[in-house]
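First up is the structure itself, then whatever we jot down about it.
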Amino acid sequence: MEKVAEKEEQSRKGFWGLFDKVLDVMAALAGAILVFITAAVCYTIFMRFLFNQTTIWIMPMTEYALLWIVFLGTTWLLREGGHITTDVIYVHLNEKTKHTLDFIMSVIGGLACAMMVYLGIVHMWDCIIHGVTDVRAVTVPKSAIFIIIPIGSILLTIQFFRMVWSRLIEIRTER
């Protein structure tokens, strides 16, 4: 019986270890994109200032990149506890109430993200079926831009329900 429990624990660590590595890679990619768009915008400013010329594709690509940065890095930030919180009342609560409130908020967050997964997939499907493109300096299929929304939202949903599970364990062990 102990070996079964031990194998289950190893598989959970294996899954969560892989999940955490994916989050780390996505956060690093978000950081790299941020460095790239910063350099690209500086280049555009430099070119406009010195030569009165600009690169027309940089601004639309920067807009797309900002969307990708959000969905690449948000789950990592949630895991790290880096989201902004208002804790004026929260700090005065006892531990059991805090854990219960965290549990409820994680459930709400997980359900909201699950809805984003659904809506993101519906929007993606609509863009693919109708061949929707963003026609500006560079023509880009909207599906290529918005695919990050369901991907990032799936990971957010998983992370929220991971937090739900850990809060549930905390609540049960406090009894």
Compute the distance in nm between two label points, each set 7 Å from the Cα along the Cα-to-Cβ direction, one at residue 84 and one at residue 144.
-> 3.4
For region 62-166, what is the per residue volume of the convex hull drawn over the alpha-carbon atoms, in cubic angstrom?
-> 101
Taking the Cα atoms of region 25-91, report the difference between the largest and smallest coordinate on each principal axis, in whole Å and largest first.
-> 56, 28, 15
Helix-only [θ] at 222 nm, the chain, -39500 (n - 2.57) per DSSP H run of 4+, per residue, nearest 500, equals -28500 deg cm²/dmol
Lys, Arg +1 and Asp, Glu -1 on Cβ, resulting dipole of region 112-175 about Cα centre, debye, nearest 20 = 180
May I have the extent of the alpha carbons of the chain along their three principal axes, as whole Å values ordered from largest to smallest?
-> 69, 41, 29
Proximal lysine pairs in the chain, meaning Cα under 28 Å and 8 or more positions apart or interchain, come to 6
Site residue 62, offset 7 angstrom along Cα→Cβ, radius 19 Å on amide nitrogen, limited to region 104-142, gives 135-140
For the pair residue 137 and residue 24, what calculated FRET efficiency results from E = 1/(1 + (r/R0)^6), where r is the Cβ-Cβ distance and R0 = 41 Å, to the nearest 0.05?
-> 0.80
Dipole of region 1-136 [Lys/Arg +1, Asp/Glu -1 at C-beta], most positive-end residue of 29, 41, 117 = 41
The chain, relative contact order [Cα under 8 Å, separation at least 6], % = 25
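Every read-out reported here was derived from the displayed coordinates using simple, explicitly stated rules and does not represent laboratory data. All values reported here derive from a predicted model rather than from experimental measurement. Quick reminder, even Gly has a Cβ in these numbers, built from the backbone with ideal geometry, and neighbours come from all protein chains shown.
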